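Worksheet for the structure shown next.
The values are calculated or read from the model by the stated rules, or taken from the named source; none is laboratory data. Since we're looking at a predicted model, the values are computed, not measured. Because the Cβ atoms are built from the backbone with ideal geometry, glycine has one as well, and the counts that use them run over all protein chains shown.
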Amino acid sequence: LSKMVRAVDRRSLEARALDEDTGPSRIFEVGCSPDVRWKWYVARGAAARAAGRMLPVAEAAELIAAEVLSALPLDEDEHWDQEGGDEADASWSRHSEGAEDTAAPAAPATRPPRRGYGLLEPFLVGLEQADAFALDDRFRRALSLEQRLDARIGPLLALVWGRWVHRALGYPTREAYVRERLGMDPTRARALVRLERAAVMSEPFARAYRTGALSWVKAGILVPLVSCDPLGRFMEDWVAWAERVTVRRLRDDVEWALALEQTDPVAFRRSGGLPPDREIGAAPRDAGGDAGGDPLPPPLEREIGAPPRESAEETCSVRFFGPADIVQLFRAVLCTVRRVMERDTGRLPTAGQALGAMLDHALSSWGALDGKVAARHRVFDRDGWRCAVPGCTSMQNLHDHHIRFRSAQGSDALENRITLCAFHHLRGVHAARLRCRGRAPDGLTWQMGIRPGAPPLATYRSGDLQVLS
């Protein structure tokens, strides 16, 4: 992969030297200005909309690098290395394809014999006769039990994690020790250690996590804020907010708060990055939207395509962790962009300025700042090209739903229309399992899990804010 990138510009020596000296790295980090840091925040959302689904940071970086790489001019004097392509062609044969097609079908799955399941036994009694609401209750109780056990395992795991116990027992790595001796997934083990270390730093966080008031998914999202708020001035408010909103909303708010902490530490120390609408349940802020008195992100319409400002201090950083090949690709493309900019301007820009140029191109190519929106896409654009049902992250198969049905004289006004994915539209609203009432986008009430003779399973207001009974 790095050969293909270097074929675009053979002078990307920084990326090659790094690989030869230290080996492939899984961490990318570069210093940048506050403007570029906000562009990175906006570009990640634009990458998700371009891909049609929510993306991890590394996948968003790969998409940005691919978009930039497609626009870089090829050097006609260079010759592409065909070795990889020849090997790929040689690895395919019609015989091997036929062998896969004629493979013996897998034996039908058989249910294992019933045996004692210890603590899980009460959850399995009458399982075949349980309806969806009974299953939901059992799942919730099972997850609560699992989290309480994880909260007891975390401190013990953190103890052996930091004392190199695996070496004393003959295991080369912690991952091998966890997998082979403890029978745990290494990724989950690292997450438990990370949560335990955060719990040691923050008492409100530890109390909410260990009592089960905060799911381990929400707790994992809040971990970066624990280190950003060492005095714990806002952690209790963040925990209370996390208990009331969906994972989707919490992730959006935390990402915005982390960007604010880097770009404007004074504003972060004043508000903790907390959303200003946490008492009224308004719709979440858009990327680059208002922060309730906090400074706005820079006017990106003015910044896109503008030459890098030499006076901008690089007080922030862009950092992500991902597969080594993605990190290598992104770093090599960044080095190539620096050389192209040097050829055009006569001076070598910093890595942060080159990153800003990459983000400018990606945002411009994806039309992230294009004010012209087709009439048929106005509802989707207003709702961020994402299903508006609380907690849903679908960005594909979107439907324009009329809150008051047209058969009931509902109008085509924007306030009567909302974005839904196909599943929630057809099998939720029109199957009477989900109810949406009010005015879009900020005055909606969502009732989920509708059942006759009983209240809904959950009720939310706009902004993914749960209505507590």
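Scanning region 386-406 for residues that are assigned to a loop (DSSP other than H, G, I, E, B) and either under 25 Å from L250 (Cα atoms) or among the acidic types (D, E) (or both) yields R386, C387, A388, V389, P390, G391, C392, T393, S394, M395, Q396, N397.
All conditions but one from (1) in a helix (DSSP H, G or I); (2) at pLDDT below 90 apply to G232; the one that does not is (1). Exactly one residue among G384, G367 is of a type outside the set (A, V, I, L, M) and touching a Gly at 6+ places or on another chain (Cβ under 8 Å), and that residue is G384.
For region 253-287, a residue qualifies if it is part of a loop (DSSP other than H, G, I, E, B), aliphatic (A, V, I, L, M) and either at pLDDT 90 or above or in the same structural domain as G443 (by TED's automatic domain parsing) (or both), and exactly one does: L274. Does A158 meet the test of being without any contact (Cβ under 8 Å) to a residue 24 or more places away in the chain and part of a helix (DSSP H, G or I)? Criteria not met by A158.
Within region 196-217, restricting attention to residues that are in a helix (DSSP H, G or I) and either in contact with an Asp or Glu (Cβ under 8 Å, 6 or more places away or on another chain) or at positive phi (or both), the residue that is surrounded by the most Cβ atoms within 10 Å (Cβ to Cβ) is A208.
The set of residues in region 415-469 being in a loop (DSSP other than H, G, I, E, B) and either touching a Pro at 6+ places or on another chain (Cβ under 9 Å) or hydroxyl-bearing (S, T, Y) (or both) consists of G449, I450, S462, G463, D464, S469. The condition of being within 18 Å of F133 (Cα to Cα) and without any contact (Cβ under 8 Å) to a residue 12 or more places away in the chain holds for only one of G449, G453, that being G453.
Go through the residues of region 382-400 one by one and say whether even a single one is over 26 Å from the mean Cα position of the chain (by Cα) and of a type in the set (G, A, S). No, region 382-400 contains no residue that is over 26 Å from the mean Cα position of the chain (by Cα) and of a type in the set (G, A, S).
Yes or no: region 319-328 includes at least one residue that is assigned to a loop (DSSP other than H, G, I, E, B), under 24 Å from the mean Cα position of the chain (by Cα) and at pLDDT 90 or above.
Yes, region 319-328 contains a residue that is assigned to a loop (DSSP other than H, G, I, E, B), under 24 Å from the mean Cα position of the chain (by Cα) and at pLDDT 90 or above.
Candidates in region 364-422 are the residues that are within 27 Å of L465 (Cα to Cα) and hydroxyl-bearing (S, T, Y); of these, the one that is surrounded by the most Cβ atoms within 10 Å (Cβ to Cβ) is T419.
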